[in-house]
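The structure appears right after this line, and notes come after that.
Rule-based calculations on the coordinates, nothing more; no lab input. All of these numbers come straight from a predicted model, not from anything done at the bench. We place every Cβ from the backbone using ideal geometry, glycine too, and count neighbours over all the protein chains shown.
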């Protein structure tokens with residue numbers, strides 16, 4: 001299931017955790033926080049000046065959306081997705097569900113926008129690294145170099161995938177989908193849609209690290225904090241308002257190599273696998289993307305961790321991202337101009353060695 005990431009935290013006039021920043025509204029704002037749990041993972045909805053009836057309707061709808069969705073697209077337990085993968089491996093084609101078609105289409109956009117760095121067809125490779133089980137943080141043997149080299153020689157990509165209505169066909173039967181790289185963004189999209197249907201105009205949905213919002217926190221933007229991926233603590237703060245976004249939606253997503261990883265013989269191995277090397281990413285510690293398309297923003301965080309700094313501007317343009325930042329293991333921080341203009345770095349930042357601007 002989607003990784004629980006703690007790279008981002010939020011606040012809107014209330015104290016929720018030691019990392020949260022203080023509220024910034026000068027007028028009385030009624031903030032209501034409600035939550036539910038999915039597979040022992042807490043998810044939170046925050047509302048600003050909304051009616052109790054609309055809040056209850058939204059929370060009930062969200063709880064009814066997220067867990068069933070995650071079950072239907074589970075990459076290794078019996079699900080619509082595992083059935084599709086089995087049929088593609090056996091027959092090379094299969095009929096699937098509308099939401100899996102949505103995820104394939106979103107993934108194709110991400111694949112093209114990241115020059116192939118984001119690719120959900122590598123499910124078999126993710127499994128080979130031991131991430132298709134419920135105890136991934138436990139030490140376990142690595143796939144052999146011979147296996148990885150052979151996989152690269154015949155690796156599947158989104159270019160092997162073809163869609164006609166609800167039918168999916170592949171020209172490489174090694175295609176095995178795993179949509180965990182953008183699943184939280186897709187879930188966020190559905191939850192915010194449900195909130196809007198209930199008449200909600202100011203809402204922030206927090207999946208434990210990824211943030212999806214409409215409107216703002218009363219008379220001020222949502223006040224968000226970005227956690228330092230190298231040294232736990234706040235790296236920077238950013239204020240975002242759905243009122244300033246083209247479609248009223250804003251999202252702030254993150255990925256990092258500090259969660260959902262395992263140690264083998266003293267070496268750490270991240271769950272983020274580069275399809276072009278068949279190995280986990282190493283150089284980048286964490287990334288954050290700000291955009292107004294939830295699933296695209298979620299997936300782009302993985303692209304930012306696999307691309308070279310000079311390749312990131314092309315991704316920003318292709319995916320129409322607002323901001324991107326990433327931090328190297330060395331403590332070097334990279335961001336584009338718009339993110340730099342919006343961020344307020346918290347000084348001193350532990351582990352930070354230099355800040356670089358990505359030239360667009």
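Applying a 10 Å radius around every beta-carbon, put 324-333, 193-202, 263-272 in order of their mean neighbour count, most first. Could you put the intermediate results ahead of the total?
Details: 324-333: 20.9, 193-202: 18.5, 263-272: 15.0.
Ranked from most to least packed, the peptides come out as 324-333, 193-202, 263-272.
Label positions at residue 144 and residue 173, each projected 7 Å from the Cα along the C-beta direction, are separated by 2.3 nm. Once you've got the GNM for the chain with C-alpha springs shorter than 10 Å, pick whichever of 320, 53, 276 has the biggest mean-square fluctuation. Comparing 320, 53, 276 in the GNM, the peak value goes to 53.
Take every Cα pair under 8 Å whose residues are at least 6 apart in sequence, average their separation, divide by the length of the chain, and the relative contact order is 20 percent.
Against the chain, whose longest principal axis comes from its Cα atoms, helix 183-197 is set at around 40 degrees.
Between 0 and 90 degrees, the angle of helix 52-72 with respect to the longest Cα principal axis of the chain falls at about 10 degrees.
Mean-square fluctuations from a GNM of the chain, with a 10 angstrom spring cutoff on Cα atoms, peak among 335, 41, 315 at 41. Segment residue 232..residue 310, full-extension length gain: 25.3 nm, with 0.36 nm per residue of separation and the alpha-carbon distance subtracted.
Please report the base-10 log of the normalised intensity I(q)/I(0) for the chain, using a Debye sum with one equal scatterer per alpha carbon and no solvent, at each q in 0.07, 0.12 (1/Å). Result of the Debye calculation: -0.29, -0.87. Net length available on complete extension from residue 330 to residue 28 is 104.4 nm, with 0.36 nm assigned per residue and the Cα-Cα distance removed.
If one takes the longest principal axis of the Cα atoms in the chain, at what angle in degrees, from 0 to 90 and to the nearest 10, does the Cα axis of helix 98-113 lie? Its long axis makes an angle of about 90 degrees.
In square nanometres and to one decimal, what's the mean projected area of the convex hull around the Cα atoms of region 181-333?
On the way: hull surface 38.4 nm².
Its average projected convex-hull area is 9.6 nm².
Distance between the C-alpha centers of region 94-132 and region 255-278? Whole Å please. That distance is 18 Å. Here region 107-178 has an Rg and Dmax of 13.8, 42 Å, counting Cα atoms alone. You can think of it this way: the chain between residue 342 and residue 159 has 62.2 nm of extra reach, that is 0.36 nm per residue less the Cα-Cα gap. Using equal-weight Cα scatterers in the Debye expression, the normalised intensity of region 16-136 in log10 at q = 0.09, 0.10, 0.18 Å⁻¹ is -0.43, -0.52, -1.10. In the elastic network of the chain, a GNM with C-alpha springs shorter than 10 Å, the most mobile of 122, 296, 106 is 106. Treating r as the C-beta distance of residue 356 and residue 39 and R0 as 51 Å, the FRET efficiency rounds to 0.85. In this simple spin-label approximation, residue 71 and residue 97 carry label points 7 Å from Cα along the Cα→Cβ vector, and these lie 1.0 nm apart. Label-to-label distance, residue 247 versus residue 51, with points set 7 angstrom from Cα along the beta-carbon direction: 2.6 nm. When both region 48-84 and region 179-219 are represented by their alpha-carbon centers, they are found 12 Å apart.
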